[in-house]
């Protein structure tokens, strides 16, 4: 190791210790990766002082899904007011901020740029650090807010509208991606099946509710476990099977029991998710599993994964319903841990629509 590099590392360690010893670190966080404009204020990373979310679901329901151009325009309309509301609710002014955290990917690039531009403007005007955050990391860190004593390492199953990942989190900011979807994400499959059944958008909560009234064994939809030992996921075949079933029953003039279709489809998704995350945890000798992302709110997944973890003696953690969906508090938590590690983003950082975890 060169003397200059050693000096940099020592100074970085001193900076981190100094920041950890500060009485209060106040984070302003901004999330705008898809169809929620959210701003949060946190104290020391895990105490949420405010978490304001302005949803666009009503605007996108008429289209049956998120329209990127509409989402970007709504973010522009909402962002300033949401920032003001979050600061007011937290009883914090711009002068009281330690740094700004913001999502810079993955997501809809136009939507990301709105939040990123606002964060850059605040960081520049107040002369405080900017921390650009990976949205997928944010979903994991929602659990640190929900469970104050939670610490890595653990296995995390991230299931949302755009992502299905199995991640071994060994420490803050350190990840080993063990599995990911090869096609549709779990949440994406829920939305597409809900649309095919004429149930509306967003599909996940609607199917979850309807599935409670149906028979999960009524229709034997396929489970794609892929090749032996694989921890990857694939839901496109299941989606095609459900669509074929719907079309076949319509052609035969049979009545389609929506609740049974919803329950059978949901069970097929849950079975694969639970089997793979449990196997992953056992392979890694992990004592705890963390659930994250929008689909982490699914009651069937929570029920079956809780039962499986109890049987295997594995500790399971998952966030409250509000923290499962996209929100700025989870982004602020990641930003805080980046900040105390001495990390800072340049003001010329750009939005990255396909950003991978760990990048």
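Structural remarks
- Test: residue 120 is buried (at least 16 other Cβ atoms within 10 Å of the Cβ) and either at pLDDT 95 or above or farther than 30 Å from residue 277 by Cβ (or both): yes
- Only residues that are surrounded by fewer than 23 Cβ atoms within 10 Å (Cβ to Cβ) and part of a helix (DSSP H, G or I) were counted in segment 144-190, giving 1.
- A single entry from 287, 263 fulfils the requirement of being surrounded by fewer than 24 Cβ atoms within 10 Å (Cβ to Cβ) and either assigned by TED's automatic domain parsing to the domain that holds residue 180 or without any contact (Cβ under 8 Å) to a residue 12 or more places away in the chain (or both): 287.
- Exactly one residue out of 308, 296 is in a helix (DSSP H, G or I), touching a strand residue (DSSP E or B) at 6+ places or on another chain (Cβ under 9 Å) and buried (at least 20 other Cβ atoms within 10 Å of the Cβ), and it is 296.
- Residue among 333, 280 that alone is within 30 Å of residue 153 (Cβ to Cβ), touching a strand residue (DSSP E or B) at 6+ places or on another chain (Cβ under 8 Å), at pLDDT 95 or above and in the same structural domain as residue 135 (by TED's automatic domain parsing): 333
- Boolean, residue 161 is closer than 23 Å to residue 276 by Cβ, in contact with a helix residue (DSSP H, G or I) (Cβ under 6 Å, 6 or more places away or on another chain) and assigned by TED's automatic domain parsing to the domain that holds residue 29: no
- Any hit, segment 247-254, residues being in a helix (DSSP H, G or I) and surrounded by 15 or more Cβ atoms within 10 Å (Cβ to Cβ): yes
- Some residue of segment 319-329 being touching a residue at least 24 places away in the same chain (Cβ under 8 Å), over 18 Å from the mean Cα position of the chain (by Cα) and either part of a loop (DSSP other than H, G, I, E, B) or not assigned by TED's automatic domain parsing to the domain that holds residue 132 (or both): no
- The residue that is nearest to residue 203 (Cα to Cα), counting only those in segment 267-280 that are buried (at least 21 other Cβ atoms within 10 Å of the Cβ) and touching a residue at least 60 places away in the same chain (Cβ under 8 Å), is 269.
- Residues located in segment 76-109, provided they are under 19 Å from the mean Cα position of the chain (by Cα) and part of a helix (DSSP H, G or I): 109
The values are calculated or read from the model by the stated rules, or taken from the named source; none is laboratory data. All figures in this text were calculated on a predicted structure; none of them were measured in a lab. Methodologically, a virtual Cβ is constructed for each residue, glycine included, from the backbone with ideal geometry; neighbour enumeration extends over all protein chains shown.
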